[in-house]
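I have placed the structure first, in the form of structure tokens, so that the comments after it can refer back to it.
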Amino acid sequence: MASPAVISQPRSSKTESYVDNKRKEDIRQANITAARAVADAVRTSLGPKGMDKMISTANGEVIITNDGATILNKMEVLQPAAKMLVELSKSQDAAAGDGTTTVVVIAGALLKQCQVLLSHGIHPTVISDSLHKASTKAVDILTAMAVPVELTDRDSLVKSASTSLNSKVVSQYSTLLAPMAVDAVLSVVDPAKPEIVDLRDIRIVKKLGGTVDDTEMVKGLVFDKKASHAAGGPTRMENAKIAVIQFQISPPKTDIEQSIVVSDYTQMDRILKEERNYILGMIKKIKATGCNVLLIQKSILRDAVTDLSLHYLAKAKILVIKDVERDEIEFITKTLNCLPIANIEHFRAEKLGYADMVEEVSLGDGKIVKITGIQNMGRTTTVLVRGSNQLVLDEAERSLHDALCVVRCLVSKRFLIAGGGAPEIELSRQLGAWAKVLQGMEGYCVKSFAEALEVVPYTLAENAGLNPISIVTELRNRHAQGEINTGINVRKGQITNILEENVVQPLLVSTSAITLATECVRMILKIDDIVTSISFEVDFCSEFWYWFWMFTLDLNFVFALARRMLCNLPLPIYMHLISSDALA
């Protein structure tokens, strides 16, 4: 008897599918490792006892700083994911102005925890969503801890600015720079828009010489250049009528390059006489309005002033400050409450600014020009920073900018929070307790987020030469007892109430650091491959060989080259357009 035929059933494709995730895991691990390396590079610069970095640029310039944004900006980072941490520091600098090292250190700690979670098999999307929820909860906790502050409370603003300056190279000058930063910001606040501060209204002028103690805030304008008195012009002017001009007081030139040959002395005398009359006519129009101080914008077309024009201006008793940069014109006109004049025909008295005194002052080896007693002065101010050498001068400017940004944060979001690692430990404690009530992988991820935040007090203690394990353990114990403002006092080397020690910072700095660090880490987690784009530009060699063969194949090469030069088309497009004609 014949055996029944056996019909083979097709096997399910679900059991046969195989996806190789090894490359994705390798790319993700490489990105995290590179980003952590950048975070570790600036970690030792965190806090008042942090180390400084000496940066040597390609052109031989040397920079000494512990500002995270400056260090990362000067580093040559090639790995794409590591560049994201550089951009992260820039974002924190733009949003808050301070905490540029903290945000990178927190991002590095979060990435370290993410590596552990990924090794346990948790999907990156689950980790990313959990980090987002944890950061939102963290912002709520910080807001609940914050202490409201008013702009009339000058002492609190000075304490916050001092905390920012205490971690800088010029920390010994914080008693001078902190009140100066507060006064500068408050002087430019517009009552109509009390929550908006434009730091472009505060101009920082650096002048080498003296010490940082000689730094001063000037209610007016300061120019880091001397008055033009080569022809014996005035260097001091009372009851000044100031004009900001954007045209040249010099003989005009032709629109195209050409040479004029003069073979007769009478013609030469006529040219010189016309030049003198032209300049003299301009100066008479200027003098007729009562103007006695000229601020002349730097010109790229021709000399803004000549020796002849300076001579006539000196005869007219007009003080001249030349080579004013184009980007300074807006600040100058806003301060003087005047209008820039672009043409001599528009020179009128109503466009002038008025000041009680314009004088040239000797400072160190050089000279500056001060304009004080400005009538109807705009809401601007100028800070003259002094320093014994260029390194100290540059670092003083960066430190003062951070202090200004801290005060600006308090103007826009008027809440203070304790420093010294206190908010991070409190966040870690409360998020750890919240993680216990969450279910599944989400609670595990939030717990890792809470542990990562302890990197800030740990690093502060480590950089101060303390025992980080015992310090962080004691901090956990004190916060568990309800002392939420307890932090690390690195100057005393012990744990104290940070609010009583006047170590405070704006709420915006902390919330911005956690939010931006979490966003950056989530973005890195979502990357599973790196694709290099193809460049469609044709290199020089390809273009050379193309024209070489065109020349050998066609005698019309010269005409083809001329047509391409006239049309100015890219080579691939041009090849497509002329290939049929050229090879016909």
Of (1) hydrophobic (A, V, I, L, M, F, W, C); (2) outside the structural domain of Val320 (by the TED database); (3) part of a helix (DSSP H, G or I), Ile286 fails just (2)
Kindly evaluate Ile371 against the criterion of being open to solvent by less than 20 Å² (accessible area, probe 1.4 Å), outside any strand (DSSP E or B) and modelled with pLDDT of 90 or more. no
Exactly one of Thr163, Thr266 is in a helix (DSSP H, G or I), over 25 Å from Val358 (Cα atoms) and either touching a residue at least 40 places away in the same chain (Cβ under 8 Å) or among the hydrophobic types (A, V, I, L, M, F, W, C) (or both), and that residue is Thr163
Scanning the range 497-525 for residues that are more than 19 Å from Thr143 (Cβ to Cβ), of a type in the set (S, T, N, Q) and touching a residue at least 24 places away in the same chain (Cβ under 8 Å) gives Asn502
May I ask you to verify whether Ser309 is touching a residue at least 24 places away in the same chain (Cβ under 8 Å), in a loop (DSSP other than H, G, I, E, B) and either hydrophobic (A, V, I, L, M, F, W, C) or assigned by the TED database to the domain that holds Leu352 (or both)? no
Could you tell me whether Gln113 is part of a helix (DSSP H, G or I), among the polar types (S, T, N, Q), out of contact with any strand residue (DSSP E or B) (no Cβ under 8 Å at 6 or more places or on another chain) and surrounded by fewer than 15 Cβ atoms within 10 Å (Cβ to Cβ)? no
Please identify the pairs in which a residue from the range 32-47 that is aliphatic (A, V, I, L, M) has its Cβ atom under 6 Å from the Cβ atom of a residue that is open to solvent by 10 Å² or more (accessible area, probe 1.4 Å) and part of a loop (DSSP other than H, G, I, E, B), counting only partners at least 6 apart or on another chain. Ala34/Gln79
Residue tally, condition farther than 25 Å from Met217 by Cβ and acidic (Asp, Glu), over the range 384-433: 2
Go through (1) open to solvent by 10 Å² or more (accessible area, probe 1.4 Å); (2) assigned by the TED database to the domain that holds Ala243; (3) more than 17 Å from Asn239 (Cα to Cα) and name the single condition Asp394 misses. (2)
Residue pairs qualifying under the 8 Å Cβ cut-off, at least six apart or on distinct chains, with the first in the range 415-434 being more than 15 Å from Thr496 (Cα to Cα) and without any contact (Cβ under 8 Å) to a residue 12 or more places away in the chain and the second being of a type in the set (Phe, Trp, Tyr) and not in a helix (DSSP H, G or I), are none
Picking from Thr101, Thr136, Thr152, the residue that is buried (at least 24 other Cβ atoms within 10 Å of the Cβ) and without any contact (Cβ under 8 Å) to a residue 60 or more places away in the chain would be Thr101
Lone qualifier among Thr473, Thr459, Thr518 - being out of contact with any Pro (no Cβ under 9 Å at 6 or more places or on another chain), open to solvent by less than 50 Å² (accessible area, probe 1.4 Å), of a type outside the set (A, V, I, L, M, F, W, C) and not in a loop (DSSP other than H, G, I, E, B): Thr518
Please state which one of Leu186, Leu165, Leu142 is open to solvent by 30 Å² or more (accessible area, probe 1.4 Å) and either within 25 Å of the chain's Cα centre (by Cα) or at pLDDT 90 or above (or both). Leu186
Only one of Asp307, Asp303, Asp365, Asp327 is open to solvent by 20 Å² or more (accessible area, probe 1.4 Å) and under 20 Å from Arg203 (Cβ atoms). Can you tell me which? Asp327
For the range 41-50, does any single residue satisfy the condition of being at pLDDT 85 or above, open to solvent by 80 Å² or more (accessible area, probe 1.4 Å) and closer than 30 Å to Val197 by Cβ? no
Do we find that Glu442 is surrounded by fewer than 22 Cβ atoms within 10 Å (Cβ to Cβ) and either out of contact with any Lys or Arg (no Cβ under 8 Å at 6 or more places or on another chain) or among the aromatic types (Phe, Trp, Tyr) (or both) in this structure? no
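The values are calculated or read from the model by the stated rules, or taken from the named source; none is laboratory data. Just so you know, these numbers come straight off a predicted model, no measurement behind them. Virtual Cβ from ideal backbone geometry, glycine too; neighbours counted across all protein chains shown. Heavy atoms of the whole protein, side chains included, go into the accessibility calculation; ligands, DNA and RNA do not. Shrake-Rupley method; radii C 1.70, N 1.55, O 1.52, S 1.80 Å.
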